[in-house]
1. List pairs: first residue in the range 46-70 and assigned by TED's automatic domain parsing to the domain that holds residue 11 and among the hydrophobic types (A, V, I, L, M, F, W, C), second residue part of a loop (DSSP other than H, G, I, E, B) and buried (at least 17 other Cβ atoms within 10 Å of the Cβ) anywhere in the structure, Cβ distance under 7 angstrom, at least six positions apart or on different chains.
2. Looking only at residues in the range 141-183 that are modelled with pLDDT of 70 or more and either outside the structural domain of residue 130 (by TED's automatic domain parsing) or aliphatic (A, V, I, L, M) (or both), which one is nearest to residue 127 (Cα to Cα)?
3. Taking the range 65-84 as the search range and keeping residues that are of a type outside the set (Asp, Glu) and at pLDDT below 90, which one is surrounded by the fewest Cβ atoms within 10 Å (Cβ to Cβ)?
4. Can you tell me which condition residue 62 does not meet? The list is (1) under 30 Å from residue 138 (Cβ atoms); (2) surrounded by fewer than 15 Cβ atoms within 10 Å (Cβ to Cβ); (3) modelled with pLDDT of 85 or more, and all the others hold.
Amino acid sequence: MDVSLDIRLLGRDADRVTCEITVTPTSSRALLDGAAVQLVDMAGGALGARSLLPLSGRLRGPVAMQVELRSEGDLPADALVVVAAWTGRDGVRLQVPARPPPTLHDFVRGSRAPQGVDLSPVLAADPALIARVETAFPWVTSPIRSGDAVAVLEGRESPPSASDLAETFDLHEDEASWLRDLLAEDDGA
């Protein structure tokens with residue numbers, strides 16, 4: 001098919017997701033018969049009504065539209081936004097999790113625990129596994145909640161010491177050493 005799809009999550013509430021859907025032609029002969037978007041669970045079951053998008057005909061450039069999708073109840077943790085576009089002979093489909101991804105800061109620090117994800121069935125079989133996971137990833141059972149940035153690294157001739165980084169950013173020594181090595185790589189040191 002001569003179109004590509006993109007979904008960008010703009011927000012999420014307990015029972016709804018707001019997203020921007022972009023349909024981009026990949027050739028000059030991009031012809032579209034229709035497009036639709038819907039919230040579904042991991043098994044493919046509908047969580048709300050399917051919305052037909054007002055797109056049809058030859059596309060000469062990208063088309064973006066903002067859509068709010070509502071579910072019939074609270075959104076489960078595994079909810080997906082699915083968009084499909086089709087012509088008479090073929091179609092293209094894209095799905096993304098209906099949960100905004102963690103920011104880079106949250107990912108690196110592990111400061112945002114997955115909301116609504118119950119890990120107990122996975123970890124219940126082996127208490128030793130639970131202890132190893134809690135040791136390696138403490139935010140799984142007790143999330144780290146941090147406010148705004150506590151400090152900003154200014155440009156320097158050489159990266160700060162690992163102990164300075166540990167104190168400034170409240171890091172463990174091994175995390176501070178890793179960050180210092182990363183800063184040294186960026187400086188070419």
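1. These pairs meet every condition: 47/71; 47/75; 47/79; 59/30; 63/55; 69/48.
2. The qualifying residue nearest to residue 127 (Cα to Cα) is 171.
3. So the residue we want is 73.
4. Every listed condition holds for residue 62 apart from (1).
The values are calculated or read from the model by the stated rules, or taken from the named source; none is laboratory data. As the structure is a computational prediction, the values presented were derived from the model and not from experiment. Note that we place each Cβ from the backbone using ideal geometry, even for glycine, and neighbour counts take in every protein chain shown.
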